[in-house]
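One structure below.
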Amino acid sequence: MILSVNGSRYEVQAGTRTLVEVLRDDLNLVGTKEGCGVGMCGACTVLVDGKPLSGCLVLAEQVAGKEILTIEGLSQDESLHPVQQAFLEQGAFQCAYCTPGFVLTTIALLNEKPSPSDEEIREYLAGNLCRCGSYQNILQAVKSASATGVKHHT
Amino acid sequence: MAIGRSVPMLDSVARVKGEVDYLVNLRLLNMLVGKIVRSQSPHAKLLKVDTTSALQVPGVVAILTGADLGASAFYGAAIKDQGVVAVDRVRYVGEPIAAIAAESLDAAEEAALLIDVEYEEMSSVFDAREAIQSGAPTLHEKYPNNVFIHSRLRHGDVEAAFAEADEIFEDTFTSPLAQQSSLEPHVTAARWDGEQLTVWAATQAPYMVRRVLSEIFGIEQNKIRVIVPSLGGAYGGKGHIRIEPLAAAMARKTNGRPVKFVLSRAEEFVTVTKHAASITLKTGVKRDGTFTARQVTIYWNGGAYADASPLLIPQGMVRSVGPYRIPAVHVDSIGVYTNLPPAGAYRGAMSSQTTWAYESQMDIIARRMGWDPLEFRLGNLFVSGDQFATGETLHDVHFVECLEEAAKAMNASSPLAPIPKMGQGKRGRGYGVMMKSTVSTSKSQARMKLDDDGTLTLFTSTVEMGQGAHTAMAQIAAEALGTAFEMVRVVGPDTEITPFDSTTSASRSTNMMGNAVLAASAAVKKKLIELAAPLLETPAEELRAENGKVLANEAFIPYAEILKRNGLNSLEESGEYSTASKLDPETGQGISTPHWHQGAGAVEVEVDTETGKITILRYTASSFAGRIVNPRMAQLQNDGNVIFGLGPTLMEEMMLDGGQVTNPNLADYPIPSIRDIPVELVSVCIESEEGELHGIGEMTLPPVAPAVANAIEDAVGVRIKDLPITAEKILQALKEKSQP
């Protein structure tokens, strides 16, 4: 099957494996993490046609033909995506295992709703868990990225 | 000044790009996948572990069972009761019985199903207080009543002191099993090159891992290399030996091919837990608002193996007394074996359980006696110069400031707007204060290399697990040496390269490794001055080193130039910092800790009387921080502790059925999400004039549960004594209260 990831097309033998397994094991896109395996923690979040999806809950087969964006697709060089920049500036992480998932969910949120309220941010990010408890700074980072008002879709 | 600046973490760019090299990403040449086969019985004799069919599965390279192990294949911090895999008996559901090394996970999983295990079931016990009853099944014959440690503190005559009390309060508070739940699971890879062993481990204690592996395999420590990349969280769960011995034993059977084990989320729940605890506090008070005596009895559920409990339970004893002047104190801190997974440190280790007890009882006492809970605390809190129940004199304690700052910040703010609810919303406020010891005896070493281009490399075995320790160490080094923060690199841990450190736990690194870095910096400066003296034609004692230069009165030379003019490409120096404290094992008298961890919290909650739902409106967290190295990272520690602490307070509980964990996943075992954080969360760090470096990794966590319980009683008049405080428990208590 053909998997379209970060603008490139890959021929993969996915079998019955999940999207996160194929991304990590076959394509070496290891920025995406598997945290819980049941779609609760959001560490494996990728954007599929712009919508956040838990990579542990879908088989790679199911997203054939769709456009997949992982954390590696946000910045091809030294520069950072504005949402990554906001997370860096606000110190919105500690161990950072959850960070790629949060960054991608935030991008989807800001594409849907460029100026979300605190409550809307909390609602949208509720499926991403940060065990270190950096949520205050994550909230600030989302607001700061929102305030930059740039077009977030890559 | 490098200290006091909110510089971003050293590898911030990698962190936001998802490029941190966590161990889950590790790939080695010819690497095999490891898979653990676990016990399905809580307590049984192992009659048979037959691997014949499993070995036939294509892709299976080797299988490890108890039959492969020698007599030394047992470990534990003080009691070596835990096998690398089970040998002839299993004692909890999930205990490793065998391990498989295979070319693929599919092959390993297929083989796991084919290993034929035959059990002879034995009776089992899961509750610590049941396990000490006569007739309860014995887990380890050497400890027939299942008590593997009993720590005692005896200070004053409690019976006489209770006789002097006007009122005596006796309450029992419980905390259930909980799981550390780092998003990165336990991961270990191991490879043998002849008699040389290399282990890549997600651990907080690389040198402990090296020592224990050396004991198990009977090889010199210098034949073992332990490498630890950045961790995806640990919270105590990676603080002691976990799967490293198993991985190394497995790799011994694969002819030099490395094997990597990555635990599943379900396996995490049977690998290490928070100690379930039952704590009974008997406290005598006088009508004038002072204490006469306190008697504490704690049963810690250690699970099936002692693990680190013999180190933690004596700490739990010290941490159970509380930060108040109480003339007579007795504590019995008792560790009990049960047929559950082994318990270990869980962020705020032991203090989370003990603070839950003593700070809840503070409000019970204050309410019954008609005292203001805040004033009652402030009137009794320790101040520097007071004597603690161990007999030691307290220095540099700031409990009053911590509590006052937390209370002030909360009470100064204006009421929050109404929040949506089903029924009537009732608001209340509560407080909690925590007094915690750190590791009593430990050592940190640091080495520094200064290059002739001014680059400073710090070699440290402090583990970076998200707390920002490497960044803080770089700031301390930069400041101490007077060099630019941007010129500092941090390397480690790698036991082949970086010098000794006891552990990255108990909030000790900023203090202990920080002081080792200061010592190494002083040594580098001394050397630079010696090298510069002839160049400046000035005696060394008249020179000083600062801002990247050695200065005489008029002249100066930059560090890099000192090296160049002496023909040196680099110079290296080391520093060390150690502490040693000791308590009498019979009486608990002596010195328990080099310094005290101090934190407080003030919280306002709203309880929906229709649904029992608890909303944390605002929380102010304060910690004593000594000298703050990085304000934003300090705030993240304080905030993170509160948010982490809301888990065991409101939702975290491992459910069990016949010793089997029935909710070993993050759907049925919820941890706090961004929707659970307080509407307002404020962090306060208290600094001292002395400017000592202190750790702050856990200070604001233990006060969370009692502060919330106290605020709930303030709001709706019900007292919950068993964690977690769920909506169901509130509703039940409200129902009981309304039925006279």
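The values are calculated or read from the model by the stated rules, or taken from the named source; none is laboratory data. Keep in mind that what you see is a predicted model, and the values were worked out from it rather than measured. Using ideal geometry, Cβ is built from the backbone for each residue, glycine included, and neighbour counts are taken over all protein chains shown. Ligands, DNA and RNA are excluded from the accessible area calculation, which covers all protein heavy atoms including side chains. Shrake-Rupley method; radii C 1.70, N 1.55, O 1.52, S 1.80 Å.
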Residues being within 7 Å of chain A (Cβ to nearest Cβ) and open to solvent by 30 Å² or more (accessible area, probe 1.4 Å) - total across region B:14-24:
1
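Return the residue satisfying two criteria in turn: it lies in region A:6-28 and is within 14 Å of another protein chain (Cβ to nearest Cβ) and either buried (at least 23 other Cβ atoms within 10 Å of the Cβ) or touching a Gly at 6+ places or on another chain (Cβ under 6 Å) (or both), and of such residues it is nearest to A:L109 (Cα to Cα).
Only one residue fits best here, namely A:N6.
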With the checklist (1) within 12 Å of chain B (Cβ to nearest Cβ); (2) open to solvent by 10 Å² or more (accessible area, probe 1.4 Å) in hand, flag the one item A:L59 doesn't pass.
(1)
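A quick yes/no check of all residues on (1) within 21 Å of B:K45 (Cα to Cα); (2) open to solvent by 70 Å² or more (accessible area, probe 1.4 Å):
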residue	(1), (2)
B:R91	yes, no
B:P96	yes, no
B:A99	yes, no
B:S104	no, no
B:E110	no, yes
B:I115	yes, no
B:M122	yes, no
Which pairs turn up if I take residues in region B:134-149 that are touching a residue at least 40 places away in the same chain (Cβ under 8 Å) and look for partners that are assigned to a strand (DSSP E or B) and open to solvent by less than 80 Å² (accessible area, probe 1.4 Å) with beta carbon separation below 6 Å, at least 6 apart in sequence or on another chain?
B:L139/B:Y337; B:N146/B:V336; B:N146/B:Y337; B:V147/B:I334; B:V147/B:V336; B:F148/B:G335; B:F148/B:Y337; B:I149/B:G335
When you go through (1) touching a residue at least 24 places away in the same chain (Cβ under 8 Å); (2) assigned to a helix (DSSP H, G or I) one by one for B:E486, which number turns out not to apply?
(1)
Among B:I671, B:I677, B:I712, B:I696, which is hydrophobic (A, V, I, L, M, F, W, C) and under 15 Å from B:C402 (Cα atoms)?
B:I696
Given the conditions (1) in the same structural domain as B:V321 (by TED's automatic domain parsing); (2) touching a strand residue (DSSP E or B) at 6+ places or on another chain (Cβ under 6 Å); (3) open to solvent by 10 Å² or more (accessible area, probe 1.4 Å), every one holds for B:G289 apart from (2)
When restricted to B:I720, B:I686, B:I725, the only residue more than 14 Å from chain A (Cβ to nearest Cβ), hydrophobic (A, V, I, L, M, F, W, C) and touching a Lys or Arg at 6+ places or on another chain (Cβ under 8 Å) is B:I720
Identify, from the list B:Y207, B:Y143, the residue that is open to solvent by less than 30 Å² (accessible area, probe 1.4 Å) and of a type in the set (F, W, Y).
B:Y207
Residue check, B:V704 against (1) surrounded by fewer than 19 Cβ atoms within 10 Å (Cβ to Cβ); (2) touching a residue at least 40 places away in the same chain (Cβ under 8 Å), all met but one. Which one?
(1)
Restricting region B:640-672 to residues that are under 18 Å from B:T271 (Cα atoms), more than 9 Å from chain A (Cβ to nearest Cβ) and hydrophobic (A, V, I, L, M, F, W, C), the one most open to solvent (accessible area, probe 1.4 Å) turns out to be B:M655
Report, by residue number, each residue of region B:420-434 that is among the hydrophobic types (A, V, I, L, M, F, W, C) and open to solvent by 40 Å² or more (accessible area, probe 1.4 Å).
B:M422
How many residues does region A:1-41 hold that are part of a loop (DSSP other than H, G, I, E, B) and within 17 Å of the chain's Cα centre (by Cα)?
17
What's the total number of residues in region B:40-77 that are outside any strand (DSSP E or B) and modelled with pLDDT of 95 or more?
17
Within region A:35-50, restricting to residues that are touching an Asp or Glu at 6+ places or on another chain (Cβ under 9 Å) and more than 8 Å from every other protein chain (Cβ to nearest Cβ), the one that is surrounded by the fewest Cβ atoms within 10 Å (Cβ to Cβ) is A:D49
Is there a residue in region B:662-679 that is under 14 Å from B:S352 (Cβ atoms), β-branched (V, I, T) and either within 18 Å of the chain's Cα centre (by Cα) or outside the structural domain of B:A600 (by TED's automatic domain parsing) (or both)?
no
For residues that are farther than 26 Å from B:V550 by Cβ and in contact with a Leu (Cβ under 7 Å, 6 or more places away or on another chain), scanning just region B:502-535, find the one that is most open to solvent (accessible area, probe 1.4 Å).
B:T510
